[in-house]
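*Asks:* Please see the structure below; I have some questions.
The values are calculated or read from the model by the stated rules, or taken from the named source; none is laboratory data. Worth saying up front: this structure is predicted, and the values here are computed from it rather than measured. Reconstructed Cβ throughout: ideal geometry from the backbone, glycine too, with neighbour counts over all protein chains shown. Only protein heavy atoms, including side chains, enter the accessible area calculation; ligands, DNA and RNA are left aside. Shrake-Rupley method; radii C 1.70, N 1.55, O 1.52, S 1.80 Å.
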Amino acid sequence: MIEREVSEQTLRKEHTMEILKDAVGWVVVTALAFVYWLVMLLFASLVLISIWNPTFDSLLEYSIILTVLSSAAYLIYILYKRFHKN
């Protein structure tokens, strides 16, 4: 009986650690995605300077929108991976 309780506690701790690891990974990927999109948009605005003249505020808005889309896609991937384990 005691062994079963210890085993359940161990499984609960492992499950909590897996969820925490996924959450921290999601935050890191989201932050890196924002930096990536901002740098790519800044580079694109430099390359296309004669065609496209965005303000920095509009680049931030575009970066946030693209980051939200990237973050949602990564979250769907995490959830799919979690619920479709073999």
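*Asks:* Put +1 on the Cβ of each Lys and Arg and -1 on the Cβ of each Asp and Glu in the chain; which of Y74, L59, F43 then has its Cα farthest toward the positive end of the dipole?
*Replies:* Y74
*Asks:* Would you mind telling me the share, in percent, of accessible area of the chain contributed by carbon and sulfur at probe 1.4 angstrom?
*Replies:* That fraction is 72 percent.
*Asks:* With +1 on each Lys and Arg Cβ and -1 on each Asp and Glu Cβ, how big is the dipole of the chain about its Cα centre, in debye rounded to the nearest 20?
*Replies:* 200 debye
*Asks:* Right, next: Remind me, relative contact order of the chain in percent, using alpha carbon pairs under 8 angstrom and six or more residues apart?
*Replies:* 36 percent
*Asks:* Once the Cα gyration tensor of the chain is diagonalised, what are the square roots of 5 times its eigenvalues, in whole Å and ordered largest first, as equivalent ellipsoid semi-axes?
*Replies:* 43, 11, 8
*Asks:* What ranking of F56, F34, F83 comes out by heavy-atom accessible area, probe 1.4 Å, highest first?
*Replies:* Listed by decreasing accessible area, they come as F83, F56, F34.
*Asks:* Per residue, what accessible area does the chain have, given a 1.4 Å probe and all protein chains present, in Å²?
*Replies:* Heavy-atom SASA per residue in the chain reads 83 Å².
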